[in-house]
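Encoded as structure tokens, the structure appears first; notes follow it.
The values are calculated or read from the model by the stated rules, or taken from the named source; none is laboratory data. A quick note: this is a predicted structure, and the numbers were derived from the prediction, not measured. FYI the Cβ positions are ideal-geometry reconstructions off the backbone, even for glycines, and counts take in every protein chain you see. Note: accessible area is taken over every heavy atom of the protein model, side chains too, but ligands, DNA and RNA are not part of it. Shrake-Rupley method; radii C 1.70, N 1.55, O 1.52, S 1.80 Å.
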Amino acid sequence: MQVSVETTQGLERRLTITVPAESVDNAVKARLQQLAKTQRINGFRPGKVPVSVIKKRYGQAVRQEVAGDVMQQNFYQAIVQEKINPAGMPAFELTKDQDGEDLEFVAKFEVYPEVEVKGVEEIELEKTVVEISDADLDNMMETLQKQHGEWKEVRRKARKDDRVVIDFVGTVDGEEFEGGKAEDFTLELGKGRMIPGFEEPLVGAKKGEEVTVDVTFPEDYHAEALKGKAAQFAVSVKKVEGLTLPKVDEEFAKLFGIEDGDVEALKAEVRKNMERELSTTLKNELKEAVIAKLIEKNEMDVPAVLVEQEINALREQAKQRFSQQGGGANMPELPGDLFKDNAKRRVTIGLLLGEIIKQNELKADQEKVDSLIETMASAYEDPQEVVEYYKNNQELMQQMQNVALEEQAIEWVVSKAKTTDVTKAFDEVMNKQG
């Protein structure tokens with residue numbers, strides 16, 4: 001076997017491989033002899049068909065089959081010999097293939113880039129430090145109360161966070177427009193669910209009042225005919241409702257699975273959940289900062305074939321999300337360009353983190369793997385059942401080991417980088433995440 005290697009452009013390589021005629025012809029002959037033992041042809045006894053007859057009937061197909069096998073086998077021998085690391089499968093082109101002559105073929109493919117992680121010591125990071133205060137816990141308890149509150153009609157002016165039931169008719173230049181009219185429409189004030197400027201005039205309104213609301217539709221409004229247009233809504237307030245919060249007592253605690261109704265136990269559980277969510281948020285925030293800095297200091301070409309694989313994975317994820325939201329199977333095929341930048345970023349960071357893991361000979365820390373599983377499982381009703389499910393599923397355990405390795409690589413970067421602690425409030429961090 002003779003091999004020549006050519007760099008065409010960037011990460012693309014072209015191998016020209018020549019295989020001795022004797023090797024190919026012997027493989028063809030052996031395949032024809034095997035066929036002669038099994039083929040049934042009129043006029044010949046089973047197993048007694050002359051090879052010359054088999055060759056005349058099947059020779060071309062057999063040679064094509066052998067050529068395919070020869071290309072596969074010799075390509076893998078060639079990349080081992082030349083110490084080449086291909087990214088994805090090659091495209092083969094058979095350039096010479098005649099009986100009695102050397103077989104020649106070309107393999108075109110991309111290789112993995114040579115990765116050298118640079119500038120880690122120059123990275124500057126801010127590590128967010130947050131302490132969950134009693135006030136944060138009180139706010140979270142109030143949020144839980146609101147989630148289980150009861151809307152009741154009130155005989156006062158509407159306030160922010162109240163709910164109003166309204167009829168309205170919208171006009172542009174004195175003419176009603178499609179979609180601008182509704183009856184018995186329920187609107188929670190302060191949530192910003194209507195176009196800008198619609199809700200504010202309703203704060204302070206009472207049942208039975210008529211309110212005129214002047215607004216301007218945003219330039220990016222979904223209805224083309226209304227983009228940037230000034231509009232007026234005639235609004236009739238039919239009801240004002242306030243939210244009555246439940247008492248934080250034994251019955252309230254039982255709503256959240258605290259069987260004995262211990263309010264302090266509920267608060268302890270809520271704080272534990274807040275700490276878990278905060279920890280995850282801070283970890284993800286730091287990870288994203290590390291990734292951004294690594295990419296900034298390590299620009300590289302990445303194999304197009306890997307980017308394409310990542311695009312397909314992202315497209316499939318989008319399709320699944322769409323399906324879960326009721327989109328069904330009617331989702332159009334999304335263009336790859338929508339995912340290209342994100343796909344390239346994911347491939348780049350995968351190569352960089354992979355090199356960090358390789359160079360530092362990192363192995364998945366079992367304690368970290370167990371901690372990841374336990375943290376994830378703690379959000380379920382029966383955490384131990386989830387833990388056991390993971391530990392008895394090899395594929396899921398491998399996924400967790402990969403996550404642990406990635407975290408260890410991130411932690412290595414953080415240990416080498418210049419870090420500054422920045423203290424922030426719980427709400428500031430979590431609201432930003434939301």
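Things worth noting here:
- So TYR380, is it among the hydroxyl-bearing types (Ser, Thr, Tyr), surrounded by 15 or more Cβ atoms within 10 Å (Cβ to Cβ) and at pLDDT below 95: no
- TYR390 meets all of the listed conditions (1) exposed (fewer than 15 other Cβ atoms within 10 Å of the Cβ); (2) farther than 30 Å from GLU124 by Cα but one, namely (1).
- Verdict on LEU243 being surrounded by 15 or more Cβ atoms within 10 Å (Cβ to Cβ), modelled with pLDDT of 95 or more and under 30 Å from GLU210 (Cα atoms): yes
To keep it simple, each residue is scored yes or no on (1) in contact with a Phe, Trp or Tyr (Cβ under 8 Å, 6 or more places away or on another chain); (2) without any contact (Cβ under 8 Å) to a residue 40 or more places away in the chain; (3) assigned to a loop (DSSP other than H, G, I, E, B); (4) surrounded by 13 or more Cβ atoms within 10 Å (Cβ to Cβ).
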residue: THR128; (1), (2), (3), (4): no, no, no, yes
residue: ILE132; (1), (2), (3), (4): yes, no, yes, yes
residue: THR143; (1), (2), (3), (4): no, yes, no, no
residue: ARG156; (1), (2), (3), (4): no, no, yes, no
residue: ASP167; (1), (2), (3), (4): yes, no, no, yes
residue: GLU176; (1), (2), (3), (4): no, yes, no, no
residue: ILE195; (1), (2), (3), (4): yes, yes, yes, yes
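- Among the residues of the stretch 21-55, those identified as basic (Lys, Arg) and either modelled with pLDDT under 75 or more than 25 Å from GLU93 (Cα to Cα) (or both) are LYS37, ARG40, ARG45, LYS48.
- Restricting attention to the stretch 197-207, the residues that are assigned to a loop (DSSP other than H, G, I, E, B) and either among the aliphatic types (A, V, I, L, M) or on the phi > 0 side of the Ramachandran plot (or both) add up to 4.
- Enumeration of residues in the stretch 402-421 that are farther than 16 Å from ASN284 by Cβ, open to solvent by 40 Å² or more (accessible area, probe 1.4 Å) and either at pLDDT below 95 or of a type outside the set (Phe, Trp, Tyr) (or both): ASN402, SER415, LYS416, LYS418, THR419, THR420, ASP421
- Annotation: of all residues in the stretch 246-258 being open to solvent by 60 Å² or more (accessible area, probe 1.4 Å) and not in a loop (DSSP other than H, G, I, E, B), the one that is nearest to GLU150 (Cα to Cα) is GLU251.
- Scan the stretch 125-158 for residues that are within 30 Å of LEU294 (Cα to Cα) and not β-branched (Val, Ile, Thr) and the total you get is 4.
- A count restricted to the stretch 182-193 and to residues that are more than 13 Å from LYS239 (Cα to Cα) and not in a loop (DSSP other than H, G, I, E, B) stands at 1.
- Some residue of the stretch 305-313 being small (Gly, Ala, Ser), buried (at least 16 other Cβ atoms within 10 Å of the Cβ) and out of contact with any His (no Cβ under 6 Å at 6 or more places or on another chain): no
- Selected residue (criterion: modelled with the lowest pLDDT) from residues of the stretch 294-339 that are small (Gly, Ala, Ser) and assigned to a helix (DSSP H, G or I): GLY328
- Boolean, THR244 is of a type in the set (S, T, N, Q), on the phi < 0 side of the Ramachandran plot and touching a residue at least 40 places away in the same chain (Cβ under 8 Å): yes
- Restricting attention to the stretch 213-240, the residues being open to solvent by less than 60 Å² (accessible area, probe 1.4 Å) and under 22 Å from ARG159 (Cβ atoms) number 7.
- Residues (touching a residue at least 40 places away in the same chain (Cβ under 8 Å) and surrounded by 14 or more Cβ atoms within 10 Å (Cβ to Cβ)) located in the stretch 179-193: GLY180
- For the stretch 63-93, residues that are surrounded by 13 or more Cβ atoms within 10 Å (Cβ to Cβ) and in contact with a Phe, Trp or Tyr (Cβ under 7 Å, 6 or more places away or on another chain) total 7.
- Complete set of residues in the stretch 408-429 that are in contact (Cβ under 8 Å) with a residue 12 or more places away in the chain, out of contact with any Gly (no Cβ under 9 Å at 6 or more places or on another chain) and more than 30 Å from ASP134 (Cα to Cα): GLN408, ILE410, TRP412, VAL413, VAL414, LYS416, ALA417, LYS418
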